[in-house]
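Asks: Below: one structure in structure tokens.
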Amino acid sequence: MELVGAAVLLAVSAVGTERSNTRFLLTANGTARERHSEEYCAMYDICGARSDGKVLNCPYGTPSVKPDDLLSSKIQSLCPTITGNVCCTEAQFDTLRTQVQQAIPFLVGCPACLRNFLNLFCELTCSPNQSLFINVTSVSKVEFMVILLAYFNNALHVKNNMTVDGIDYYITDEFGQGLYDSCKDVKFGTMNTRALEFIGAGAQNFREWFAFIGRRAALTVPGSPYAINFLPNATETSGMRPMNVSTYSCGDTSLGCSCGDCPSSTVCSNIAPPQQHKEESCSVRLGSIKAKCVDVSLAILYVILVSLFFGWGIFHRKRERNAAQRKPLSNRNDGNQLHGMESQKNEDLPMEMLEEAPHIRNGVQLSIVQGYLSKFYRGYGTWVARNPTLVLFASLSAVLVLCLGLIRFKVETRPEKLWVGPGSRAASEKQFFDSHLAPFYRIEQLILATVPGPEHEKSPSILTDDSIKLLFEIQKKVDGIRANYSGSVISLTDICMKPLGQDCATQSVLQYFKMDPKNYDNYGGVDHVSYCFQHFTSADACMSAFKAPLDPSTALGGFSGSNYSEASAFIVTYPVNNALNKEGNETGKALAWEKAFIQLAEDELLPMVQARNLTLSFSSESSIEEELKRESTADAITILISYLVMFGYISLTLGDTPRLSSFYISSKVLLGLSGVILVMLSVLGSVGFFSIIGVKSTLIIMEVIPFLVLAVGVDNMCILVHAVKRQPLELPLEGRISNALVEVGPSITLASLSEVLAFAVGSFIPMPACRVFSMFAALAVLLDFLLQVTAFVALIVFDFLRAEDKRVDCFPCIKVSSTYPESDKGNGRRKLGLLARYMKEVHAPVLSLWGVKLVVISAFAAFSVVCALCTRIEPGLEQKIVLPRDSYLQGYFNNVSEYLRIGPPLYFVVKNYNYSSESRQTNQLCSISQCDTDSLLNEKLLVAVVSSQMGPIVPPTISLLAAPRDKVPVAWVDHAKIVPREKLPWFLAALPSADCAKGGHGAYTDSVDLQGYESGVIQASSFRTYHTPLNKQVDYVNSLRAARDFCSKVSKSLKMEIFPYSVFYMFFEQYLDIWKTALINLAIAIGAVFVVCLVITCSLWSSAIIMLVLTMIVVDLLGVMAILGIQLNAVSVVNLVMAVGIAVEFCVHITHAFSVSGGDRDQRMKEALSTMGASVFSGITLTKLVGVLVLCFSRTEVFVVYYFQMYLALVLLGFLHGLVFLPVVLSIFGPPSRCVVLDKQEGRPSIQSLFQSRFAQQDVRGF
């Protein structure tokens, strides 16, 4: 930029120059007499020009001249310190004014800086005492042809004159320091950086700034046409003295600067920075170990509780022994005999017994609800056994009708529809931003990097000739992409952003060569790139092809600070236009090009780069969505194998103990397959129903709900089949079915309704992924339960009829001879299976030992201490986890974290900004003089910068104060008095130029919504800055929270609506309240289970124990998540809610069996484990275990982490709590038994006599 006094020639054609290197001292009219005195000029008028058109002053000294009134008024308007005579002609002054006009937009935010800057060049050009501080040191002879329209009446003159080639400019250090101090913090908003980056090459002191200004510029390069040597002192003999015009401080209230441009201002220094409350977690040091206070507190609490429990256990045990010693032997024998009779299984009693008392069943006093359920299931079981065909046909027909809805089946894959509710703040802000301003552009990116060296060794720099030439080759191939969209050929130029003309705004170091490989050698190759790193804002040769400066930090990676030369990666970004209509042609064209772009990168670019021993990673806007679609099918085989393994195990566990002679009859393969099909039908029926009403499915539903329903359904299948097997074989099949349903029907109903309600209440959660999952899961579990008690019971009838008729499993048409039925009829019942015998003879007796009970309670209490770790679970979902392991995006995300030195763009959006003259909102926002001292940029953003809370928002080298003040909230807020209302459209359409450096086109076009601006209200306006690089999910969450907190405070203070917007906010909003969402979901689910249990059992005691165990399972699962580093997100929240549903199965059946058993608590615990333990263990624990183990071979990390690890932890925790901890708790604190002893009724024997009669009959048969 020329900032020296010289005249502008309208047309110049240089034909020769001759330079004199000898020192040329000032003389008068060519005489040898030196002249350094007041009212005397060192150089006056214009005597020539360089070949690039830059004019040169005459080196001849002359007395200062008195200007005419017009020229005097012009000089006073720009240079108020110069009065009287002057040392410049009107042409020289006009040149000065034209050239300094280019600097005004950079410095206008601080009038003091601008005034000092103008004084520097006003004194140089027009001061009447010019000779006192200017000394011509060298001259050149320039032969030129010039047309002077204004002064020579269009005459053509050819001159051969001497011109100034170098001068000494004597300036005091006091002036230089004052000038620099007033300008060093002034910001140029358009480029979001210091103004000195443009007009001072980033000078760090006034000497560096003077050196930059005084450097003689090469041809066509911005700068002074002759050398200026700034010196602080002149020799006494020369008669010269340094220029020392008074400087203005940026804190001068008469020339007030904004706090952003002058933090040292007294106004700004009075702004109290926020108290930096550094949250230090409480910790306790124990020797060399430093532990958190919460951990120590829990440990102390644990020790106290365990000590109290052990003390109570010892005391209680001693009291029992003393009571046993005092009790007569006969009483103990009678009691044992009575309990032994009462504890006989209800299947040993006649089927018709006590049917008229629904709340009393086989000596068990049930609640009213359980009693009527038992009565219903007794009649219903008999009816199903007599009409299995009708029941099977009717139930399947109903589900198949629901499955017809699958013809409208759709899967929702759009992330914004999965994670953000339609009424959420992020969704509404995105919709406002897109509709009023412009949708954020699509990003296509390449990262070309050097191969890292050995560990701890720095990666080599990528700034080499070969690498840059390779980048040109890559760019040529990208430019050559031709995609096909609806018969049209699409290239990059058809879809790319072109903010300032016809060239794409590609962010690449190739822009320093105008994207033309022919310029590489002409400009100087790598040296030119290094030059542009320092002068990218000021040198025309470094200007991009799309006519805007290119910040090196956006095109390079792997460097520290501003050491761009050590960069180890090229980052090439192609911004592509986005559209509101995701189904329109614009989006379709972009998608077609992106597909071709990725194909090119995989097939051609990657091998080309690897051959040069470099690495390449790449991504497009649609890459994540496309890879997620591929991920949904990548593990289809793994999931199928998992289901097959579970099916195989189900078939084995439903059958009897394998015998070589009858396994083909006793096996239940066909029954197991039918049960699995029913489970799948329940899932399909649920999906079909919601598809009919227009609810889209999600990938989580397709992957999780089948596991959930299969786990619940298999448990019920095992319980039903095992209950039928426990019935006496002498009873007819309809009697066995009826008795089995009476025995287990209420507990199955209780468990299923608890699960349905637990999932149903989750449908009120605003997060779409969780809400839709809860809706689908609730209906699927309900349909599965209905099919279990209808179709599956009918299938049990068919299967037992097949077995009794000696027909082969899977081939029922084939009948063989076998001793299958008779082998177990000798004692009236089938023999217990291996697992049932283990539960009865090993597991239950071991848990009844007092020492084991104490250890179990202590161990599980200690295990629950891991709840302290729950606070260490980080919210988020790493993108690399949800993608296939072989996805090209895996390497891309690694490189983004490693190389990028700038974070996502951040917009601050102001709604309904009133810029009319009657409104004060402009003063509340701007940062130039006359703005409010507590305006958005004068105070609010300054406070934000110094606040550690806003750290993630403030860029490392470019603070928020450096964000374009003229974009707060609109491009012209600092020029509101300069740009009239009617000129605003012209301003936004004006391209930046030498005449209008801040032309709004490109930079501000999409920052203002002009609709209805004539009324004086701008509906939407924004300014942009950047986040720091965000590498972790928690960084994204914290930056979003900080931005919103800041805008909330500012909006409240200024009484204006301001909100932050960035493209990732919509996806990370869920994590702001993910803990709240998770806890509400879990609390509702556990609370729903408690309510259902309380209503059905009418036992607060039993319901409380079930709720305690469920809570412990969930807490321990959260602790396991913390230990394994599993993040909290929608997937894990769904898994936690599902954990409640599955855990119910572990608890309800055991608790119900315990409550209806007779004897003391230990005996009832053993009885519950003997009857239900095997079914629960085989039906849910082993089934899920074998299915989950297959998932460890998944190709997708999300399956390994969120399904294999979490499911495995859930199954193991459920087993340990349901079959170890719960029985121990019941044996110590369990509710009283519901068993009763009934007296004889008229015409009916008592229960005791029935037992004795049954025993007598068995003894006779035994003989």
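The values are calculated or read from the model by the stated rules, or taken from the named source; none is laboratory data. All figures in this text were calculated on a predicted structure; none of them were measured in a lab. Heads up, the Cβs are rebuilt from the backbone with ideal geometry, glycines too, and the neighbour counts pull from every protein chain shown. Side chains included, ligands, DNA and RNA excluded: accessible areas come from the protein's heavy atoms. Shrake-Rupley method; radii C 1.70, N 1.55, O 1.52, S 1.80 Å.
Asks: Apply the a/c threshold of 1.5 to the C-alpha gyration tensor of the stretch 1130-1171 and tell me whether it is rounded, prolate or oblate. Walk me through the numbers before you get to the answer.
Replies: Details: a/c = 4.72, a/b = 4.54, b/c = 1.04.
Note, shape of the stretch 1130-1171 comes out prolate.
Asks: Right, something else. How would you order 887-899, 1154-1166 from highest to lowest mean count of nearby Cβ atoms within 10 Å?
Replies: 1154-1166, 887-899
Asks: Calculate what fraction, in whole %, of the accessible area of the stretch 441-620 sits on carbon and sulfur atoms when a 1.4 Å probe is rolled over the protein chains.
Replies: After summing per-atom areas, the C and S share lands at 48 percent.
Asks: If you average the sequence gap of Cα pairs under 8 Å that are 6 or more apart and divide by the length of the stretch 40-231, what percent do you get for the contact order?
Replies: 21 percent
Asks: Given an 8 Å cut-off on Cα distances and at least 6 residues of separation, report the relative contact order of the stretch 539-579 as a percent.
Replies: This gives 27 percent for the stretch 539-579.
Asks: Going by average Cβ neighbours within 10 Å, how do the peptides 502-511, 94-103 rank, with the highest at the top?
Replies: The most tightly packed comes first, giving 502-511, 94-103.
Asks: Counting only protein heavy atoms and using a 1.4 Å probe, what share of the accessible area of the stretch 1003-1094 belongs to carbon plus sulfur, as a whole percent?
Replies: C and S fraction of accessible area: 56 percent.
Asks: Moving to a separate point now. A 26 angstrom limit on the alpha carbon distance is what I want to check against. Which of Lys458/Lys518; Lys595/Lys911; Lys430/Lys696; Lys840/Lys1184 exceed it?
Replies: The answer is Lys458/Lys518; Lys595/Lys911.
Asks: To continue, here is another question. Under a 1.4 Å probe, what is the accessible area of the stretch 441-620 per residue, stated in Å²?
Replies: Roughly 43 Å² per residue, with all protein chains present.
Asks: Please calculate how many Å² of accessible area the stretch 40-231 carries per residue, with a 1.4 Å probe and no DNA, RNA or ligand atoms counted.
Replies: Working: 6540 Å² over 192 residues.
Roughly 34 Å² per residue, with all protein chains present.
Asks: Going by average Cβ density within 10 Å per residue, which order do the peptides 398-407, 1025-1034, 1173-1182 take, highest to lowest?
Replies: Put in order of decreasing packing, that is 1173-1182, 1025-1034, 398-407.
Asks: Counting only other residues whose beta carbon sits under 13 Å from that of Tyr180, what net charge do I get with K and R as +1, D and E as -1?
Replies: On the way: positive: Lys184, Arg194, Arg207; negative: Asp173, Glu174, Asp181, Asp185, Glu208.
Result for the neighbourhood of Tyr180: -2.
Asks: If you roll a 1.4 angstrom probe over the protein chains with everything in place, what fraction of the accessible area of the stretch 40-231 belongs to carbon and sulfur, to the nearest %? Present the calculation step by step, with values, prior to reporting the outcome.
Replies: Numbers: 3460 of 6540 Å².
Ligands and nucleic acids excluded, carbon and sulfur reach 53 percent.
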